[in-house]
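Reviewing the structure listed below.
The values are calculated or read from the model by the stated rules, or taken from the named source; none is laboratory data. All of these numbers come straight from a predicted model, not from anything done at the bench. As a convention, Cβ positions derive from the backbone with ideal geometry for all residues, glycine included, and neighbour counts pool all protein chains shown.
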Amino acid sequence: MKNVLITGGAGFIGSNFIRYLLNAEKNIHVFNLDALTYAGSLENLKDLPFSERYTFINGNILDQEFLNGLLREHQIDTIVHFAAESHVDRSILGPGQFVQTNIVGTFTLLEAARKYWLTENDLQEQVRFHHISTDEVFGSLKPGEPAWVEETSYAPNSPYAASKASSDHLVRSYGHTYGLPYSVTNCSNNYGPYQFPEKLIPLIILNALEEKPLPVYGDGQQVRDWLHVEDHCSAIHLVISKGAAGSTYNIGGDNQPANLTIVETICDILDEQKPRANGTAHRDLIKFVQDRPGHDRRYDMDAGKIRRELGWTPRRTLNEGLLDTVNWYLSHPEWVLAIRKQLDYQSWLAKNYDAREKTS
């Protein structure tokens, strides 16, 4: 691993992984390919460690000729593919972009890798295509059903999940058909620094700080497995450096609280760290809104394989991670302001929150 291409490295998980990788590997150069769409920002990449070993490239994974040239020019030997449309609500409102980016974009990148690594050069022993996927490809668990393992059949329920399932299948097919060295990780819900403020945890933190309602879908009893982004980064690094080609690993945080519990925990942390001016509890801001169409009820990941084979375990408990995350947002108001200015976030949030209110 010498020249690593990170796609979508200006996004939440990608930018955290770049920081992690530059610290963990002292003899590599990281190339970050990002189209800088709404959820990607160069604000996420300020003050990188070892920046002399980092190069940003503004480009689109749908551009085949561009990708072909990029891999050759920089002699890319490892691809870590984060680039994706990832917000379920947006996929419900506009699924077309998810099909283009997540399915066609992955295909285009695979084609570039196949041509450069396997057709122009015989590099099968030296390269790796690592694909970042999601637990949502498995669908929804009923009460009492066991956690998902790597062999669980796919049953995606949202356009987002279906697009990620499709891209997973494409990656595996290139391994089986062409011998492309690959690995896949399916992760649970990530949280932590630099997360775009439309996701649940940063949304709740920022709304609470601004005395806005804290919207909770339905009864708030939807269950997710929560994984701190830095724990996720350590798992990916292990897979691409020590995991066998052709392997798939589930990555989870070992906890499955209800969404309402997450919101209440954040409220309680803020009561300690940043009390409301009127002295009342932040929980008073919680407002139940109409549930998302087709909202999956429960996710639960069995991460036993990556523990057994690579010795990975998450370092943070959920309470520790949430406290760290709240404190990060409290101490980085300049990042929040820059993201909102760049993306006109406030108007988007107002429009979407109004839509929920009208249907509640």
Members of the range 21-48 found to be within 15 Å of the chain's Cα centre (by Cα) and part of a helix (DSSP H, G or I), listed by number: Asn44
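Of the residues that sit in the range 122-149 and are touching a helix residue (DSSP H, G or I) at 6+ places or on another chain (Cβ under 6 Å) and not hydrophobic (A, V, I, L, M, F, W, C), which one is farthest from Gly94 (Cα to Cα)?
Initial filter on the range 122-149 (touching a helix residue (DSSP H, G or I) at 6+ places or on another chain (Cβ under 6 Å)): 123, 127-131, 133-134, 136-137, 148.
Right, trim to not hydrophobic (A, V, I, L, M, F, W, C) and you get 128, 130-131, 133-134, 136.
Values: Arg128: 32, His130: 27, His131: 23, Ser133: 20, Thr134: 19, Glu136: 18 Å.
So the residue we want is Arg128.
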Of the numbered conditions (1) surrounded by 21 or more Cβ atoms within 10 Å (Cβ to Cβ); (2) at pLDDT 95 or above, Ala155 satisfies every one except a single condition; which is it? (1)
Go through the range 277-312 and give me each residue that's among the polar types (S, T, N, Q) and loosely packed, with under 13 Cβ neighbours inside 10 Å. Asn278, Thr280
Residue check, Asp291 against (1) at pLDDT 95 or above; (2) out of contact with any Ser or Thr (no Cβ under 9 Å at 6 or more places or on another chain), all met but one. Which one? (1)
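Being touching a strand residue (DSSP E or B) at 6+ places or on another chain (Cβ under 9 Å) and either part of a helix (DSSP H, G or I) or aliphatic (A, V, I, L, M) (or both) is the filter here; which residues of the range 171-196 pass it?
Quick first cut of the range 171-196, residues touching a strand residue (DSSP E or B) at 6+ places or on another chain (Cβ under 9 Å) only: 171-172, 174-175, 180-192.
Matches in the range 171-196: Val171, Arg172, Tyr174, Gly175, Leu180, Val184.
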